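So the structure is just underneath, and the comments pick up after that.
The values are calculated or read from the model by the stated rules, or taken from the named source; none is laboratory data. Computed from a predicted structure; not experimentally measured. Because the Cβ atoms are built from the backbone with ideal geometry, glycine has one as well, and the counts that use them run over all protein chains shown.
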Amino acid sequence: MTDVDGADTPAVSAPPRPSRAEYDRRQRRRGNLIAATSTAVVVAVLVIGVPRLSGWQRVRETFFDGETFAEAFPQVAEAFWLDVRIFLFCAPLILIWGMTIALARSVRSPVLFPLRLAATLYVDIVRGVPVLLWLFLIGFGGATLLNRRDVGIGSARVGTLLFLGAVGLVITYSAYVAEVFRAGIEGVHESQRSGARSLGLSTWQTNRYVVLPQAVRRVVPPLMNDFISLQKDVALVSVLGPVEALRRADVLQDRLFNFTPFVVAAILFLCVSIPLTRLADYLLTRERRAMSGTAVR
């Protein structure tokens, strides 16, 4: 480049533009800073503002009493172990029975139409009735069916009602899980089945080696959400008599005239549900990236 006097001057170059990766890092840093600032403001408002309310002192003594918390925690935690055992008993059975119902609803052979109709009716009826009502019907009705004449609230054997309550959870949640599995099965493109048939695979082999692996991988995140709900709903078994965390907290509340035991039970459930929720979010994000072709290998 030449100036008016004929002397050469260096060309002025534009500043280099940041790369896409650098731009994304800057946007993430900016978003994290904004999120941290807004969170700090909200927490400060709650910490400073809530204790200034006129009824806070009474709420703190009723729901957040330290001495009552220390007294109730060991007993509620011991009862919470029953909730965990019910969950561990129900979860694998729900997966097995839910997959069975989903496969029955997905059969295409006209000969097996009665099986498909029965599975459809099962899902429609079970999902149409509240879980709590099913627990009453299966719990006390099942005890009567087993020829227990001492059936009634507080009279039937706790072990029998506990088992029947777990069965009720398996029956009800299997209907929801079956629909999740069925959505995954029907989400597999028809070309996958056509390709399997062109290779000479039978219907069973097609489902076993082609359809089900893809379907299960896609529905893992929504399945996790169902099991998060199950982890909380195991407390509903207490309506049949077993003393789990919620029932123990209710007993302590009646004895101590304080609602802090319910807060203890809520914290214990949160200690399980929050990690499961974060795991479900992680699985959902990973599946979304894999489907979009941006997964990190």
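Taking the criterion of being modelled with pLDDT under 90, part of a helix (DSSP H, G or I) and loosely packed, with under 15 Cβ neighbours inside 10 Å, the residues of segment 79-114 that qualify are Pro110, Val111, Leu112, Phe113, Pro114. Within segment 231-281, the residues that satisfy the criterion of being of a type in the set (Lys, Arg), surrounded by fewer than 21 Cβ atoms within 10 Å (Cβ to Cβ) and in contact (Cβ under 8 Å) with a residue 40 or more places away in the chain are Lys232, Arg247. Taken over segment 196-217, the criterion of being at pLDDT 80 or above and surrounded by fewer than 18 Cβ atoms within 10 Å (Cβ to Cβ) is satisfied by Pro213, Gln214, Val216, Arg217.
Does Ala196 satisfy the condition of being in the same structural domain as Leu161 (by TED's automatic domain parsing) and either of a type in the set (D, E, K, R) or touching a residue at least 24 places away in the same chain (Cβ under 8 Å) (or both)? Criteria not met by Ala196.
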